[in-house]
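Engineer: After the structure tokens below, expect a handful of questions from me.
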Amino acid sequence: MIRPHYAALTFLFVSAMPITAFADAPEVMQSNWRWDEDWSVLRDAPPDGPWWQPLKYVPLSADSSAWASFGMEARLRYEGFRNNLWGDGPAPDDGYLWRRVMPHADIHLGPFRAFGQLTAADALGVGAGEGPADATKLDRLQSFVDLRLPLGADSTLTFRGGRELLPLGSERLIGTRYGPNVPQAFEGGRAILDLDKVHAQFIAARPIDVRPDTFDDRRSRTERLYGVYITTHVADEVAFDLYWLGYRNDDASFFQGDGRERRETFGVRAFGTSGGWEWNWEAMLQRGRFASDDIRAWSIGTETSYGFDDVSFGPQVLLRANIASGDKNPNDGKLGTFNAMFPKGKYFGELSPIGPANIMNLQPGIEFDLGNSATLGLAGTAYWRASRDDGLYDVPGQLIRDGDDTRARFVGTQGEMVLGWQADQAFSASISYSIFEPGTFIKDSGPAKTIHMLGAEIMYRF
């Protein structure tokens, strides 16, 4: 069940901390990804930053050709549910506390670079039992080495090998699973080519299977990923992604059965900003084989927003619209179910019981700037099945409702409110409330109670 005392304690702790307790950090931590941060700009910086600034640039040689950087992320997150999975889950009324610590080290030796990041994550009170996204004892999250070769004034070629997180584009297909407690890592190699306005990645990797004990995570024996992902900037704020991704799974499962999956995804993504507008549109086509059937699947995802900077509270209005194909006939020799493979966690919001397969949705929303680095986001979502002959899937791609006994399309509606606070570059906090009202399909296919979810999170990263 929802245990409000955990969330209340978390929120009171956040509210009681004065914003002046956090010193201004240098404007360096611009990337969401720790391995992309370049702290060499602190080489000549005055030592008057936050307490952790000396850890971000540690010279290892007199000529500054060798240096190291160290950091840490610590997160507490509470999630409480009533009627999870509409009352159909093994522990529908549940509340648990996720704890996660991720220290990292980044060492640069001329053209060579080594990056390592550990993770230790546990979960307190998971009624249904801990899964791979909930907990792991101390283990390697990332450990890779780079060799960077200059090809000209604005061009480099980087060879990377080892274990790493692999966010591609907007993470609709390959993401970090950052929202849950244990991120999704991959092990393999990449060649990264930067030519002026073109960024190309050549990838061959296997996902890491998370196991519960210390240093026991291993790369998958049944799944592999490979492909090419190219980003090109056609203007300062306008860019396109073009990609081809191959995926192999020797133990795949869909509504129509189990078997070996060989799938290729061809995609294009347009994203950018102009004036108050922002857009992120993506189209994906999938072909291949599943058991003895042909794969014929596709998906379109869009996100468009406009910001009113001259209006009080600077509201930003957005609309997300998505469709991912489903299978039309389990006996026609074709599989039409879209497979997002390794998408980002919390795909459609803080509450995401539904994943991007056999689904259509519309999600209008608005975000307000409350001042003092606080924001308030409101969103509503309506869901329908893309195909009446396919089931409903979760974010990892597992079938959660087969729909054998109903022809209904309408899955339900979801409302969500998120209050966030970014005190400075190091400290952030949020609290959210979500509700999911079941529609005709849920009511016809099993338990159909209204889902309630309360989330609260604090995080410190440097």
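Engineer: About the Cα centre of the chain, what is the dipole size in debye to 20, counting +1 per Lys and Arg Cβ and -1 per Asp and Glu Cβ, all else neutral?
Structural biologist: That gives the chain a dipole magnitude of about 1080 debye.
Engineer: Follow-up. Please turn the phi angles of the stretch 163-171 into ³J(HN,Hα) values with the Karplus equation 6.51 cos²θ - 1.76 cosθ + 1.60 (θ = phi - 60°), one per residue in order, whole Hz, x for glycine and proline.
Structural biologist: Going residue by residue, I get 9, 7, 6, 9, x, 10, x, 8, 6 Hz, with x marking Gly and Pro.
Engineer: Between Thr214 and Phe313, what length in nm is gained on full extension when 0.36 nm per residue of separation is reduced by their alpha carbon distance?
Structural biologist: Gain in length upon complete extension: 30.9 nm.
Engineer: Right, next: Summing -39500 (n - 2.57) over the DSSP H runs of n ≥ 4 in the chain and dividing by its residue number, what mean residue ellipticity at 222 nm do you reach, to the nearest 500 deg cm²/dmol?
Structural biologist: Here the helix-only value at 222 nm equals -1500 deg cm²/dmol.
Engineer: Further question: Go through Ile366, Thr231, Gly267 and say which Cα lies farthest out towards the positive end of the charge dipole of the stretch 4-461; charges sit on Cβ, +1 for Lys and Arg, -1 for Asp and Glu.
Structural biologist: Ranked along the dipole, the leading option is Gly267.
Engineer: Report the Cα centroid-to-centroid distance between the stretch 232-307 and the stretch 367-414 in angstrom, as an integer.
Structural biologist: Centre-to-centre (Cα) distance: 19 Å.
Engineer: Give me the percent relative contact order of the chain, please, defined on Cα pairs under 8 angstrom at least 6 residues apart.
Structural biologist: This gives 12 percent for the chain.
Engineer: Could I ask something else about it? Once you place label points 7 Å from the Cα toward the Cβ at Asp405 and Phe202, how far apart are they in nm?
Structural biologist: For the pair Asp405/Phe202, the computed spacing is 5.4 nm.
Engineer: Measuring from label point to label point, each 7 Å out along Cα→Cβ, what is the Asp63 to Leu124 span in nm?
Structural biologist: For the pair Asp63/Leu124, the computed spacing is 5.2 nm.
Engineer: Using only the alpha carbons of the stretch 4-461, determine the length spanned along each of the three principal axes and report them from longest to shortest in whole angstroms.
Structural biologist: For the stretch 4-461, the Cα spread along each principal axis is 72, 50, 50 Å.
No lab work stands behind these numbers, since they all come straight from the coordinates. Values in this document were obtained by computation on a predicted structure and should not be read as measured data. We place every Cβ from the backbone using ideal geometry, glycine too, and count neighbours over all the protein chains shown.
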